[in-house]
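Participant: The structure follows.
The values are calculated or read from the model by the stated rules, or taken from the named source; none is laboratory data. Just so it is clear, the model here is predicted, and its values are computed rather than measured. FYI the Cβ positions are ideal-geometry reconstructions off the backbone, even for glycines, and counts take in every protein chain you see. Heads up: the accessible areas ignore ligands, DNA and RNA and are worked out on the full protein's heavy atoms, side chains in. Shrake-Rupley method; radii C 1.70, N 1.55, O 1.52, S 1.80 Å.
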Amino acid sequence: MDLKLAELAALERYKLLIGLVIPRPIAWISTRSANGVANCAPFSFFNVFSEDPPLCVVGINPRSDGALKHSLKNIRRTREFVVNLVDEATANAMHQSSREYAEDESEFEKAGLAEAPAMLVRHPRIAEAAACLECRLFRLIEISGTRQLVLGEILLIHARDGIIDPQTKRISEERYKPVGRLFANRYCTTRQRFNLPGPLPD
Ligand SMILES: Cc1cc2nc3c(=O)[nH]c(=O)nc-3n(C[C@H](O)[C@H](O)[C@H](O)COP(=O)(O)O)c2cc1C
């Protein structure tokens, strides 16, 4: 089958792209709104882009009523944000925090999460997250009326104790159990890992 994207409706493109390019990592962005309320929401049009400079990228579209997402509003206003990485222990809270709450409601409270102070940015990080990336806005590119590309410069990594070996800087496979986004409400773990060349696990 060959599909020309220009001939497809946007929803069809969306379904195809998010179904084929899987699993995607999830940026669980935490910010504080202008009214002081802590905000967090997941974004899977996300990845790290480079290490020199250390950049991550996030694609943000409007809320269902066409309004700007609170995360984007807060990033625009403060030029800072935190990316919290989602693991098995926090997956349900992440999913719960994706609902479109009003600006005076905190996803932290709704999803039973605690705020922890970040070191270099003014926004809270998610205390329960396995690891957090404190970011300063590097560029904000308006791709279209409905799509903004956020490039964040990663200033600091905070990780739960035991995840990063302080000497080697290796990440513990036993202790870091990230969750990836598939499509719709489907997610995956990274429990089956293997070396190549070699046999694949059953
Ligand atoms: C796993 C997951 C991934 C998501 N990825 C994106 C994304 O890449 N871009 C986006 O604009 N919204 C994405 N969303 C939807 C936002 O999380 C959702 O609209 C949220 O309510 C935005 O909150 P905010 O207005 O507080 O920023 C995703 C939702 C889930 C559950």
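Participant: Suppose we filter Leu149, Leu133 for residues that are more than 12 Å from the ligand (Cβ to nearest atom) and either part of a strand (DSSP E or B) or aliphatic (A, V, I, L, M) (or both); which single one remains?
Facilitator: Checking each option against the conditions leaves just Leu133.
Participant: If I filter the stretch 44-71 down to residues being touching a Leu at 6+ places or on another chain (Cβ under 9 Å) and farther than 21 Å from Ile18 by Cα, which single residue comes out as nearest to the ligand (Cβ to nearest atom)?
Facilitator: Out of the qualifying residues, it is Leu55.
Participant: Filter the stretch 114-130 for residues that are in a loop (DSSP other than H, G, I, E, B) and either within 22 Å of Val150 (Cα to Cα) or over 16 Å from the mean Cα position of the chain (by Cα) (or both) and give the result.
Facilitator: Ala114, Ala118, Met119, Leu120, Val121, Arg122, His123, Ala129, listed by residue number.
Participant: Taking only pairs six or more apart or across chains, which ones have beta-carbon atoms under 7 Å, a first residue in the stretch 154-174 that is part of a loop (DSSP other than H, G, I, E, B) and hydrophobic (A, V, I, L, M, F, W, C), and a second residue that is open to solvent by less than 90 Å² (accessible area, probe 1.4 Å) and at pLDDT 95 or above?
Facilitator: Ile163/Ala130; Ile163/Ala131; Ile163/Ser172; Ile163/Tyr176
Participant: Oh, and also: Mind listing whichever residues of the stretch 111-164 are more than 22 Å from Ala38 (Cα to Cα), among the charged types (D, E, K, R) and touching a strand residue (DSSP E or B) at 6+ places or on another chain (Cβ under 8 Å)?
Facilitator: Within the stretch 111-164, Arg139, Glu142, Arg147 qualify.
Participant: Follow-up. Report those strands (runs of 3 or more DSSP E) wholly inside the stretch 1-59 carrying at least 1 residues which are open to solvent by 80 Å² or more (accessible area, probe 1.4 Å) and under 25 Å from Ile75 (Cβ atoms).
Facilitator: Fully inside the stretch 1-59 and qualifying: 46-51.
Participant: Given the options Glu142, Glu173, name the one that is at pLDDT 95 or above, of a type in the set (Asp, Glu) and under 22 Å from Ile29 (Cα atoms).
Facilitator: None of the other options fit; the residue is Glu142.
Participant: Follow-up. Tell me yes or no: at least one residue of the stretch 75-91 is assigned to a loop (DSSP other than H, G, I, E, B), near the ligand (Cβ under 10 Å from one of its atoms) and more than 15 Å from Gln148 (Cα to Cα).
Facilitator: Yes: the stretch 75-91 contains one or more residues that are assigned to a loop (DSSP other than H, G, I, E, B), near the ligand (Cβ under 10 Å from one of its atoms) and more than 15 Å from Gln148 (Cα to Cα).
Participant: Are there any pairs, at least 6 apart or on different chains, whose C-beta atoms fall under 6 Å, with the first in the stretch 177-189 and acidic (Asp, Glu) and the second modelled with pLDDT of 95 or more, and if so, which?
Facilitator: Close Cβ pairs (under 6 Å, with a partner that is modelled with pLDDT of 95 or more) do not exist here.
Participant: List, please: which pairs have Cβ atoms under 6 Å, are six or more places apart or on different chains, and start with a residue in the stretch 126-152 that is free of Cβ contacts under 8 Å to residues at least 40 places away in the same chain and end with one that is of a type in the set (Val, Ile, Thr)?
Facilitator: Hits for this filter: Glu128/Thr90.
Participant: I've got another one for you. Residues of the stretch 109-148 being surrounded by 15 or more Cβ atoms within 10 Å (Cβ to Cβ) and either under 28 Å from Ala10 (Cβ atoms) or among the hydroxyl-bearing types (Ser, Thr, Tyr) (or both), which ones?
Facilitator: The answer is Leu137, Phe138, Leu140, Gln148.
Participant: Can you tell me which residues in the stretch 92-108 are open to solvent by 20 Å² or more (accessible area, probe 1.4 Å), without any contact (Cβ under 8 Å) to a residue 60 or more places away in the chain and either part of a helix (DSSP H, G or I) or more than 22 Å from Phe46 (Cβ to Cβ) (or both)?
Facilitator: Asn92, Gln96, Ala102
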